[in-house]
Amino acid sequence: MKILVLNSGSSSLKFKLYLMPERKLLAEGMIARIGEEESEIRLLYGDQSFDEKVKLANHHEALERLEALLPRLKILGNFAKLGAVGHRVVHGGEAFAESVRIDGEVRETIRRLIPLAPLHNPANLEGIDAFKVLAPGVPQVAVFDTAFHQTMPPEAYRYAIPKAWYRRYHVRRYGFHGISHAYVSRQLARLTARPIETLNAVTLHLGNGASACAVVGGRSVETSMGLTPLEGLVMGTRSGDLDPAILPYMHRQAGLSFPELERELNRESGLKGLGGSNDMREIQKRMAAGEEGAKLAFEVFVHRLLKYVGAYAVMLGRLDALVFTGGIGEHSPEVRAALCERLGILGIVLDAEANAVDSGAPEPIHAPESRSEIWVIPTDEEGVIAEESYRIVSENDSPK
Ligand code: ADP
């Protein structure tokens, strides 16, 4: 069965086509700048690639174009031939603790949650609606970035704010990157050949967005992102934690409006705000060249991480493993070393040689005497969405 995994952003669409259950990647690609003068399509399949620049007004047109291209490139007949479409849906609120097959009610709930994810959920809905028209018979599945964190206890998810903010406006911590945290926790259990129920881990997803998660027995009990992905760690362009009083202060002092503040904290802060680049590779390069701003960005990034890992380790009581994933987690031995050096108080000891290797495969990187294991585990969010979609449509198809 062929399954298409879609990750819709406000002006982009990333996709991967899998053969399931083999989990074989048949094609992948991206359509960027949707709604602009010229949209860009890039497709990779087998050892070939295809590029095109064409005007696409919205996600529906983008998917129509993709459907026209797939047979031409001999990748797939048409969308009706798909066994399922799996959507990465950013915000499932309190409504979804697991992946679901999309029906009218699910669609309506995702729509109702738009105020919590005003950029992301509408884009997800556009993809869902486009498929309903283009391939009405193909089952669609929603896999939520928030679902894994629905197991957090109230003391972790409630903010200390007036009760009505939560009751009436749903202001609480939801957490994101759940697909990735769940996946690397399961992988950790598999790789260490230990039942997941027995494992206490801290998983660090460090990409453009970054979050930490405390996982007990395969369940998220605490995570660093909150109502939105802005809370927590320092990220490429997001500030992470800050004093909320900074917002009214900057409003009064600099005349910034709330949309401007939101934009600056999401797009102009983090590594970019401190060090001039949102890219950790660039930060490390500039730091090696002696640039002070870049060094500060790196240090603030690691310092914030340290605060979270330290707190989570204490919360867990026993830390069996620390897991690094995401672009930075997987590929920056410098970040891993800087963090682990400062975690010595927990008995954590990195194996410097293992840490320096970038094999692209899951690898343990702790020294034999380390009290906790340390792992690099490449994440595979699209693969998880394909698996979840396959599982859900297979369950639905089998006799009850
Ligand atoms: P996204 O969150 O968009 O999926 P990724 O998980 O690919 O992004 O992570 C992107 C981040 O990973 C960028 O900050 C990039 O600089 C960083 N990164 C990738 N390779 C390296 C490397 N070799 N050393 C340091 N950072 C790296």
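The values are calculated or read from the model by the stated rules, or taken from the named source; none is laboratory data. Predicted model only: the values in this text are computed from it and were never measured. Neighbour counts are summed over all protein chains in view; Cβ atoms, including those assigned to glycine, are modelled from backbone coordinates with ideal geometry. Only protein heavy atoms, including side chains, enter the accessible area calculation; ligands, DNA and RNA are left aside. Shrake-Rupley method; radii C 1.70, N 1.55, O 1.52, S 1.80 Å.
Summary table
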item	result
Listing of helices (runs of 4 or more DSSP H) fully contained in region 313-377 that carry 3 or more residues being modelled with pLDDT of 95 or more and under 22 Å from Ser211 (Cβ atoms)	326-331, 333-342
Residue, nearest to Phe144 (Cα to Cα), within region 1-14, restricted to residues that are in a strand (DSSP E or B) and open to solvent by 10 Å² or more (accessible area, probe 1.4 Å)	Asn7
One residue from Leu233, Leu261, Leu204 being part of a helix (DSSP H, G or I) and either within 16 Å of the ligand (Cβ to nearest atom) or more than 23 Å from Leu306 (Cβ to Cβ) (or both)	Leu261
Failed item, numbered, when Arg318 is tested on (1) away from the ligand (no atom under 16 Å from the Cβ); (2) open to solvent by less than 50 Å² (accessible area, probe 1.4 Å)	(2)
Some residue of region 212-221 being of a type outside the set (Ser, Thr, Tyr), within 16 Å of the ligand (Cβ to nearest atom) and within 23 Å of Ala147 (Cβ to Cβ)	yes
Subset tally (residues that are among the aliphatic types (A, V, I, L, M) and either assigned to a loop (DSSP other than H, G, I, E, B) or at pLDDT below 95 (or both)) for region 236-258	3
Some residue of region 20-30 being open to solvent by less than 60 Å² (accessible area, probe 1.4 Å) and over 23 Å from the mean Cα position of the chain (by Cα)	no
Count of region 208-229 residues which are in a loop (DSSP other than H, G, I, E, B), crowded, with 19+ Cβ neighbours inside 10 Å and in contact with a Ser or Thr (Cβ under 8 Å, 6 or more places away or on another chain)	3
Scan of region 31-76 for residues that are open to solvent by 40 Å² or more (accessible area, probe 1.4 Å), under 18 Å from Leu134 (Cα atoms) and in contact with a strand residue (DSSP E or B) (Cβ under 7 Å, 6 or more places away or on another chain), ordered by number	Arg65
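Let's see how each residue does on (1) over 30 Å from Lys81 (Cβ atoms); (2) surrounded by fewer than 20 Cβ atoms within 10 Å (Cβ to Cβ); (3) at pLDDT below 95:
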position: Lys132; (1), (2), (3): no, yes, yes
position: Val141; (1), (2), (3): no, no, no
position: Phe144; (1), (2), (3): no, no, no
position: Pro153; (1), (2), (3): yes, yes, no
position: Tyr157; (1), (2), (3): yes, no, no
position: Pro162; (1), (2), (3): yes, yes, no
position: Arg167; (1), (2), (3): yes, yes, no
position: Val171; (1), (2), (3): yes, yes, no
